[in-house]
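Each remark here refers to the structure printed beneath this line.
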Amino acid sequence: MREVYLDYNASAPLDERVVEEMRPVLSEAVGNASSVHRFGRRQAALVDEAREHVAELVGGHPGGVVFTSGATEANNLALQGAVAAMTGGAARLMVSAIEHASVSRTAQWLADRGLVKLEVVGVTAAGWVRPDMVAELIGPDVVVVSVMAANSETGVLTPVGEIAEQVRERGVLFHCDATQMAGRMSFDMGELGVDLVSVSGHKICGPGGVGALICTRQAQRRLEPLLMGGGHERGLRSGSLNVAGIVGLGAAARLAAEERLQEAGRVSALRDRLVAEMMSRLEGVHENGDVKRRLPNTANVRFVGADSEAVMANMDPVAVSAGSACSAGSIEPSRVLLAMGLSRDAAFESVRFSLGRFTSEEDIDLAVDVAVRAVERVRSMTS
Ligand code: PMP
């Protein structure tokens, strides 16, 4: 049976070229990257090369790369680390309403413990984080502002540079979760004016369980570590390094930087064809979010009158995802779509298609057929 994977925003397949670079590290390399003997030094040299590739992907400097277990840890380090390093009294933390749970739940946890007051920045109906609201709320008592570069559910891009201007003017730290954007479009933290950037291996066709927080020199001094121990990663993340994973992340970052522009053109054409064909064959198909300013690989599509969980269940073996998350046994509508002002019903009818490096024309042909049949079936069962 032909399977079609259109869930790249959840996790992208590992590129065979990345596997080839990781293979000798897994099978032959010996030693701890912090050891001073030749074995250790060889491991450290591999890590340093990866550090350069990761820095280059986001326009950072290699010395600012802190390797982590993924973007979840990078996001936690940015927020918890900045709050732990805070000197002085009452402070506020600002995050947007559409952040990944690793930002929003961390922010809520810090607020629940009374360490900060939480300010949540809303989004427009098009899914944009509102720079005007950041400008209104920002002040020197804000310890860190965290706004993602591109939303994982809708793909909508944030006006990062515009927000960074507001934030940096007040000397406030600006963290940007670029997990979904960095591998797919140009992202330059220096040009944008971002202090801290999170990335993840498995979103850029690299391995899972490895990521990084890329920091400016000044920002690095304004963070405390989450993990204490041997003082690795300039004291910001103790623990012997996952050399094979880091080499994989570095290779994935290098390939993404080389190929992202070209890939964006190919993938966006496939995505647009997918949506156009579904729209031509079905009534009541709408796209959620700003279709002019979004990731090239993502479409968040509402099929009016068709529950997304039921549509997905009928789409096997084509993998897509619903914005809703299963929490404590109950299905909740997508927070992101609700923040954009969609009704619960509309949110429950929305499906995310996310394409990527290995998506082919044939995949799209099959996905269109399967999606159309699934929506028709679900609609006929509920009408
Ligand atoms: N941020 C965003 C925007 C994401 O999409 C994800 C993954 N769903 C994460 C953070 C977490 O990344 P990781 O799986 O590497 O912890």
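Tally up the residues in the range 67-90 that are more than 20 Å from S200 (Cβ to Cβ) and at pLDDT 95 or above, please. Talk me through it step by step, then tell me what you get.
Here is the first cut: in the range 67-90, the ones more than 20 Å from S200 (Cβ to Cβ) are 83-90.
Restricting the remaining residues to those that are at pLDDT 95 or above gives 83-85.
Counting residues in the range 67-90 that are more than 20 Å from S200 (Cβ to Cβ) and at pLDDT 95 or above gives 3.
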Residue check, L115 against (1) open to solvent by less than 10 Å² (accessible area, probe 1.4 Å); (2) within 23 Å of A74 (Cα to Cα), all met but one. Which one?
-> (1)
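In this structure, does A253 turn out to be touching a residue at least 40 places away in the same chain (Cβ under 8 Å) and within 16 Å of the ligand (Cβ to nearest atom)? Talk me through it step by step, then tell me what you get.
Working: touching a residue at least 40 places away in the same chain (Cβ under 8 Å): yes; within 16 Å of the ligand (Cβ to nearest atom): yes.
When the stated conditions are applied, A253 passes them.
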Out of the residues in the range 206-228 that are open to solvent by 10 Å² or more (accessible area, probe 1.4 Å) and under 19 Å from the mean Cα position of the chain (by Cα), state the one that is farthest from the ligand (Cβ to nearest atom).
-> P207
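Does G59 satisfy the criteria of being more than 16 Å from the ligand (Cβ to nearest atom), at pLDDT below 95 and surrounded by fewer than 19 Cβ atoms within 10 Å (Cβ to Cβ)? Walk me through how you get there before you give the answer.
On the way: more than 16 Å from the ligand (Cβ to nearest atom): yes; at pLDDT below 95: no; surrounded by fewer than 19 Cβ atoms within 10 Å (Cβ to Cβ): yes.
Answer is no for this residue.
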M86 fails exactly one of the following numbered conditions: (1) assigned to a strand (DSSP E or B); (2) surrounded by fewer than 21 Cβ atoms within 10 Å (Cβ to Cβ). What is the number of that condition?
-> (1)
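Limited to the range 152-167, what total is found for residues that are closer than 17 Å to M94 by Cα and either without any contact (Cβ under 8 Å) to a residue 12 or more places away in the chain or not aliphatic (A, V, I, L, M) (or both)? Walk me through it before giving the result.
Restricting attention to the range 152-167, the residues satisfying the condition of being closer than 17 Å to M94 by Cα are 158-167.
Subsequent filtering for residues that are either without any contact (Cβ under 8 Å) to a residue 12 or more places away in the chain or not aliphatic (A, V, I, L, M) (or both) retains 158-159, 161-162, 165-166.
Of the residues in that region, 6 qualify.
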For the range 89-104, enumerate the residues that are open to solvent by 30 Å² or more (accessible area, probe 1.4 Å) and more than 14 Å from the ligand (Cβ to nearest atom).
-> G89, A90, R92
List the pairs whose first member sits in the range 5-32 and is within 22 Å of A71 (Cα to Cα), whose second member is open to solvent by less than 40 Å² (accessible area, probe 1.4 Å) and basic (K, R), and whose Cβ atoms are under 6 Å apart, counting only residues at least 6 apart or on separate chains?
-> A12/K203
Residue in the range 230-260 that is farthest from the chain's Cα centre (by Cα), counting only those that are part of a loop (DSSP other than H, G, I, E, B) and at negative phi | G230
Filtering the range 1-21 down to residues that are open to solvent by less than 30 Å² (accessible area, probe 1.4 Å) and either within 16 Å of the ligand (Cβ to nearest atom) or assigned to a loop (DSSP other than H, G, I, E, B) (or both), which residue is nearest to H100 (Cα to Cα)?
-> N9
Within the range 22-42, which residues are more than 22 Å from G208 (Cβ to Cβ) and in a helix (DSSP H, G or I)?
-> R38, F39, G40, R41, R42
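Can we say V54 is within 16 Å of the ligand (Cβ to nearest atom), surrounded by 15 or more Cβ atoms within 10 Å (Cβ to Cβ) and assigned to a helix (DSSP H, G or I)?
On the way: within 16 Å of the ligand (Cβ to nearest atom): yes; surrounded by 15 or more Cβ atoms within 10 Å (Cβ to Cβ): yes; assigned to a helix (DSSP H, G or I): yes.
Spelling it out, V54 is indeed within 16 Å of the ligand (Cβ to nearest atom), surrounded by 15 or more Cβ atoms within 10 Å (Cβ to Cβ) and assigned to a helix (DSSP H, G or I).
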Does the range 184-201 contain at least one residue that is in contact (Cβ under 8 Å) with a residue 40 or more places away in the chain, touching a Leu at 6+ places or on another chain (Cβ under 7 Å), within 21 Å of R271 (Cα to Cα) and near the ligand (Cβ under 9 Å from one of its atoms)?
-> no
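The values are calculated or read from the model by the stated rules, or taken from the named source; none is laboratory data. Predicted, not measured: the structure shown is a model, and the values here were computed from it. Please note: Cβ atoms are built from the backbone with ideal geometry, for glycine as well, and neighbour counts cover all protein chains shown. These area figures cover heavy atoms from the full protein model, side chains too; ligands, DNA and RNA do not enter into them. Shrake-Rupley method; radii C 1.70, N 1.55, O 1.52, S 1.80 Å.
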